[in-house]
Amino acid sequence: MTIYFYSTREQYGCFSNFSFHGFELDGLYWPTSEHYFQAQKFLGTPHVEQIRLVKMPKDAARMGRERTRPLRQDWEQVKDDIMRQAVLSKFQTHRDIRDILLSTGDEEIVENSPIDFYWGCGSDGSGKNMLGKILMEVRDILRHIQSTDADNSTVK
Ligand SMILES: Nc1nc(O)c(N)c(N[C@@H]2O[C@H](COP(=O)(O)O)[C@@H](O)[C@H]2O)n1
């Protein structure tokens, strides 16, 4: 059965980038994956740190979406990899949510956003669901890491 998520307050809310599961990446601490993702839009400028330091992910999202500052030129080419790295770091850092992600087996995961047709499925389900796809990719990576670790710890 397809797993839908969106709000951090509902079931599978930990799959949202707005969930408070911080991690270290690029030598810095990020309070949420939304902070990391939005800040990377302005790599090489002081705005990265300004976004990293705001308390709430909704403020990081607002700042990242403001177009008063120029977006990095290669954003469209790099944004999926940046999201993948942020989501992987988040789930590698927190065992409790890693277990929740792995417990979904091979079920399809969909960000049930009524407004976002790129990261989510959009209001009519026709969206690309890139965040859901990335979560499923990360699930595969974590499953592989787990089985490799188990093999390595087996006494031969
Ligand atoms: N809560 C929420 N509100 C929105 O308006 C959204 N678009 C989303 N989706 C999340 O937004 C992030 C990416 O947004 P931009 O590409 O910067 O517009 C990403 O975390 C989506 O999952 N969520």
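The values are calculated or read from the model by the stated rules, or taken from the named source; none is laboratory data. Predicted, not measured: the structure shown is a model, and the values here were computed from it. Cβ coordinates were reconstructed from backbone atoms using ideal geometry, including for glycine residues, and neighbour counts include every protein chain displayed. Each accessible area value is taken on the protein alone, full model and side chains, heavy atoms only, with ligands, DNA and RNA left out. Shrake-Rupley method; radii C 1.70, N 1.55, O 1.52, S 1.80 Å.
Here are a few things to note about the model shown:
- Applying the criterion of at least 2 residues that are within 22 Å of Leu142 (Cα to Cα) and of a type in the set (Ser, Thr, Tyr) to the helices (runs of 4 or more DSSP H) found wholly in segment 1-96 leaves 33-39, 75-93.
- Within the option set Ile115, Ile97, Ile145, being of a type in the set (Val, Ile, Thr) and either within 17 Å of the chain's Cα centre (by Cα) or open to solvent by less than 50 Å² (accessible area, probe 1.4 Å) (or both) holds for one residue only, Ile97.
- Residues that are under 18 Å from Phe20 (Cβ atoms), within 14 Å of the ligand (Cβ to nearest atom), open to solvent by less than 90 Å² (accessible area, probe 1.4 Å) and under 16 Å from the mean Cα position of the chain (by Cα) within segment 52-82 comprise Met56, Pro57, Ala60, Ala61, Gly64, listed in sequence order.
- Check on Lys128, free of Cβ contacts under 8 Å to residues at least 40 places away in the same chain, touching a Pro at 6+ places or on another chain (Cβ under 8 Å) and not small (Gly, Ala, Ser): no
- Residue match in segment 7-28 (condition: within 15 Å of the ligand (Cβ to nearest atom), surrounded by 15 or more Cβ atoms within 10 Å (Cβ to Cβ), under 15 Å from the mean Cα position of the chain (by Cα) and on the phi > 0 side of the Ramachandran plot): yes
- Residue check, Gly105 of a type in the set (Gly, Ala, Ser) and more than 12 Å from the ligand (Cβ to nearest atom): yes
- Pairs meeting the criteria (first residue in segment 105-125 and more than 28 Å from His144 (Cβ to Cβ), second residue outside any loop (DSSP other than H, G, I, E, B) and away from the ligand (no atom under 11 Å from the Cβ), beta carbons under 9 Å, at least 6 apart or on different chains) are Gly125/Val110.
- Residues considered: Gly132, Gly125, Gly120. Of these, the only one that is more than 25 Å from Gln38 (Cβ to Cβ) and not charged (D, E, K, R) is Gly125.
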